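One structure is given here, and the rest of the page talks about it.
The values are calculated or read from the model by the stated rules, or taken from the named source; none is laboratory data. Every value quoted in this text rests on a predicted model; they were computed, and no experiment measured them. Using ideal geometry, Cβ is built from the backbone for each residue, glycine included, and neighbour counts are taken over all protein chains shown.
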Amino acid sequence: MKNLTALSIAFLLWVLSSAAQPQKSHMPTPPDSMNPENETTASVPMTSMQRRVDLLGLQKEAEDLARTAQTIPADMASVRKGTLPKDIIQKLRQIEKLSKHLRMQIAQ
């Protein structure tokens, strides 16, 4: 009787210890999708298209920056004469904002 109790306790401990260990799944991995829309190569042209759009936007911002910066020397001539154009501060802030944005986008 003691032998049977000891054997059943040992069996119970073995079952509990094996249940506590994580079991690895021996399931096979599913095959790749045959749907051409899900392929990663389909996203490559989209990325280059997005990059092209980004570059066009950056070019537009650079032209806007250059246009705004060209007006500053005339405004500074007015400042030397003693008149402060009311939009010069706004122009300088816009130049700073555009240059910072261009710098960050190019650095990526």
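Here are a few things to note about the model shown:
Okay, residues lined up against (1) in contact with a helix residue (DSSP H, G or I) (Cβ under 8 Å, 6 or more places away or on another chain); (2) of a type outside the set (Ser, Thr, Tyr); (3) within 28 Å of Arg51 (Cα to Cα); (4) assigned to a helix (DSSP H, G or I):
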position	(1), (2), (3), (4)
Leu65	yes, yes, yes, yes
Asp75	yes, yes, no, yes
Val79	yes, yes, no, yes
Thr83	no, no, no, no
Gln94	yes, yes, yes, yes
Lys97	no, yes, yes, yes
Met104	no, yes, yes, yes
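- Pairs, first touching a residue at least 40 places away in the same chain (Cβ under 8 Å) and under 9 Å from Gln105 (Cβ atoms) in the stretch 54-65, second surrounded by 13 or more Cβ atoms within 10 Å (Cβ to Cβ) and not acidic (Asp, Glu), C-beta under 8 Å, six or more apart: Asp54/Gln105; Leu58/Leu102; Leu58/Gln105; Glu61/Leu98; Glu61/His101; Glu61/Leu102
- Test: residue in the stretch 35-48 that is at pLDDT 65 or above and among the hydrophobic types (A, V, I, L, M, F, W, C): no
- Residue check for Ala69: among the aliphatic types (A, V, I, L, M), surrounded by 10 or more Cβ atoms within 10 Å (Cβ to Cβ) and in contact with a helix residue (DSSP H, G or I) (Cβ under 7 Å, 6 or more places away or on another chain): yes
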